[in-house]
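To start, the structure itself, in structure tokens.
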Amino acid sequence: MNRREFLATTASAALIGRASLAWAEAQPAEVKIGTIQPLSGPWARPGQIALAGAQLAVDDINANGGIKALGGAKIKLVVADGGDSPDKMKTAAQRLLSDNPDMIGGMGGYVSSFTLAITEITERGELPWIDFAYADLLTGRGFKYVFQTSPTGGQQAEAALPTVVDLIKSTGKAMPSNAAIVMDNTPSPQSFSKGIREGGLAKYGMNLAVDEIFTPPLSDASTIAQRVRAARPGLLIFLPTATSDIKLVLEKLSEVGLNRSRLPVLANGSPMGASDLLRIAGKDTMEGVMFIATDWEQKNTTDIADRFKKKTNEPWMSQDALMNYGHVYILKEALESTASTDKQKINQALHAMDLTSGPAMWFPGKRIKFEESGRIVGAPIVIVQWQGGVPRVVFPLDIATAKLNWGS
């Protein structure tokens, strides 16, 4: 090699070295993901469980090399307490975005009204935000930075009866000829029950024998229990929102001889699977109660659930924890595919995402794809049933951990 060739080679090596150094220096040491949960007030318990699920995902990702497309950058979870009202949630969102302008995305809210408030702020800040809140309005406002990983409340209500009918048929048991509705007068039960009342039951050959609506909290459920007993329904659609009312009504039904072997009960929402209910109402009271959720500890999440239970001492991994665990991984996939912390590119990646492996396996539909509105495509409802003091998935059948017990 002559002197000219030597100098050229040395210069090229120096340029490559400087480029490599510049690339390494450009890689972030950490990537911020935000979460807002109700960590104080009446929703603090599910908020803390949701946060624990998200934190477990962050720990798992960081322990396995971080974001590989960004040189192994670690994820940092930035946490805000949204309190117990939409106004407090909105304030928490404003503060979170102001203090962390470098966040690439976020998740949380838990209650639909909370998530609606949060996303008013995150949309203006052009920050991608993911949650499993049920409100149809969440992805019905024309927003571009909101992603909903659960079927909406309207979709759940529409799917509830046909799913239950198919499950009953799978057991070989006779279809009930009549049904009862017992619910409180808050917005969510009213919305969920509307279609069931207005032709839903009739479509499947069931009459509405009892229609009881109460204002929570109940002081006495004796009259309700007696009316249900007198009507002898084959199915109770049970839609309370307060834990104390759940306990009171189910206990009174048992006292008048209507345990779950004689009266199948279908409820809606993950609070029906709260571990606190086991402590407050007891194993026998909850036995056989079914409820609709958007995900739960299931066949494809055994390893995750085992780690979660070991870390938190929770008896099972609920929807609140599992969905937030999955949300972190959805954002990770966007980071890996873009190799960027630009939130506009992250948002584009979420809109373009179509996963059928990896984190998609932890969601009931086994697919993560969003409509233009941000609503997830093709997500089925999950039906969970209390069996032996544990809420177990009985539908969809391919992820179920138990068979439906329809009773005698």
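Out of all the residues in segment 291-300, is one or more at negative phi, part of a helix (DSSP H, G or I) and at pLDDT 95 or above?
Yes, because at least one residue in segment 291-300 is at negative phi, part of a helix (DSSP H, G or I) and at pLDDT 95 or above.
Restrict the check to segment 275-286 and report whether at least one residue is farther than 24 Å from Ile49 by Cβ and either touching a residue at least 24 places away in the same chain (Cβ under 8 Å) or surrounded by fewer than 20 Cβ atoms within 10 Å (Cβ to Cβ) (or both).
Step one: filter segment 275-286 for residues farther than 24 Å from Ile49 by Cβ, giving 284.
This time we only want the ones that are either touching a residue at least 24 places away in the same chain (Cβ under 8 Å) or surrounded by fewer than 20 Cβ atoms within 10 Å (Cβ to Cβ) (or both), so: 284.
Yes: segment 275-286 contains one or more residues that are farther than 24 Å from Ile49 by Cβ and either touching a residue at least 24 places away in the same chain (Cβ under 8 Å) or surrounded by fewer than 20 Cβ atoms within 10 Å (Cβ to Cβ) (or both).
Could you go through segment 104-120 and let me know if any residue there is assigned to a strand (DSSP E or B), more than 17 Å from the chain's Cα centre (by Cα) and either of a type outside the set (Ser, Thr, Tyr) or more than 17 Å from Val31 (Cβ to Cβ) (or both). Explain how you work it out, then say what you get.
First pass over segment 104-120, keeping only residues assigned to a strand (DSSP E or B): 105-107.
Filter again for more than 17 Å from the chain's Cα centre (by Cα), leaving 105.
This time we only want the ones that are either of a type outside the set (Ser, Thr, Tyr) or more than 17 Å from Val31 (Cβ to Cβ) (or both), so: 105.
Checked segment 104-120: at least one residue is assigned to a strand (DSSP E or B), more than 17 Å from the chain's Cα centre (by Cα) and either of a type outside the set (Ser, Thr, Tyr) or more than 17 Å from Val31 (Cβ to Cβ) (or both).
Within segment 101-112, which residues are in contact (Cβ under 8 Å) with a residue 24 or more places away in the chain and surrounded by fewer than 17 Cβ atoms within 10 Å (Cβ to Cβ)?
Listed by number, the list holds a single entry, Asp102.
In segment 194-225, how many are farther than 26 Å from Thr243 by Cβ and either in contact (Cβ under 8 Å) with a residue 60 or more places away in the chain or of a type in the set (S, T, N, Q) (or both)?
1
Right, Lys366: crowded, with 17+ Cβ neighbours inside 10 Å, modelled with pLDDT of 95 or more and not in a helix (DSSP H, G or I) or not?
Judged against the criteria, Lys366 is a match.
Which condition does Ala379 not pass, out of (1) within 23 Å of Ala133 (Cα to Cα); (2) assigned to a helix (DSSP H, G or I); (3) in contact with a Lys or Arg (Cβ under 9 Å, 6 or more places away or on another chain), if it passes all the others?
Here Ala379 clears every test but (2).
Going residue by residue through segment 244-262, is there one that turns out to be closer than 24 Å to Ile130 by Cβ and touching a helix residue (DSSP H, G or I) at 6+ places or on another chain (Cβ under 9 Å)?
no
Restricting attention to segment 148-177, report how many residues are out of contact with any Leu (no Cβ under 6 Å at 6 or more places or on another chain), part of a loop (DSSP other than H, G, I, E, B) and farther than 24 Å from Glu372 by Cβ.
Within segment 148-177, residues that are out of contact with any Leu (no Cβ under 6 Å at 6 or more places or on another chain), part of a loop (DSSP other than H, G, I, E, B) and farther than 24 Å from Glu372 by Cβ number 5.
The values are calculated or read from the model by the stated rules, or taken from the named source; none is laboratory data. Keep in mind that this is a model prediction, so the values were computed, not measured. Note: ideal-geometry Cβ built from the backbone for every residue, glycine included; neighbour counts use all protein chains shown.
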